[in-house]
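A.B. asks: One structure follows; several queries about it will come next.
The values are calculated or read from the model by the stated rules, or taken from the named source; none is laboratory data. For clarity, every value in this text was computed on a predicted model and none was experimentally measured. Here Cβ is always computed from backbone atoms with ideal geometry, including for glycine, and neighbour counts include all displayed protein chains.
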Amino acid sequence: ADKLASFDEIFSPRIVGYYNDTKIQVAKSKGEFVWHSHPETDDLFLVLKGNLRVELRDGAIDVGEGELLVVPRGVEHRPVADEEAHVLLLELEGTPNTGDADAEAAPEVEI
């Protein structure tokens, strides 16, 4: 909670630790993120506060507070939060948050 309170930017994850070659990140989400996929890695979302909807090309999955979703590698998706949601993310080091989308990735910032 203290780490999340230290920044306001949405869809700009902050690294709070590492586990092997994996970044442990927290992020704030609100609105729609870009459609993207991660061809080489799965994408893990653990909702800490609020609700997150992860849209897929064939539907959407609602992820509530305390729930976890893993989007398999290569599956195109877009996180959406109608109200601000706080999320814990696990990604391999060097994995951009925008995946393969033609969009600028958030910088990797440690807090």
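A.B. asks: Could you say which residue among Val16, Val34, Val26 is of a type outside the set (Ser, Thr, Tyr) and either more than 15 Å from Val109 (Cβ to Cβ) or at pLDDT below 95 (or both)?
C.D. replies: Val34
A.B. asks: Further question: Which of the following residues is among the charged types (D, E, K, R) and over 13 Å from the mean Cα position of the chain (by Cα): Asp62, Asp42?
C.D. replies: On the way: Asp42 fails: over 13 Å from the mean Cα position of the chain (by Cα).
The conditions single out Asp62.
A.B. asks: With Arg73, Arg53 as the choices, which residue is basic (Lys, Arg) and in contact with a Ser or Thr (Cβ under 7 Å, 6 or more places away or on another chain)?
C.D. replies: Arg73
A.B. asks: Please work out if Ile61 is β-branched (Val, Ile, Thr), under 20 Å from Glu104 (Cβ atoms) and in contact with a Lys or Arg (Cβ under 9 Å, 6 or more places away or on another chain). Full working, then the answer.
C.D. replies: Working: β-branched (Val, Ile, Thr): yes; under 20 Å from Glu104 (Cβ atoms): no; in contact with a Lys or Arg (Cβ under 9 Å, 6 or more places away or on another chain): yes.
Criteria not met by Ile61.
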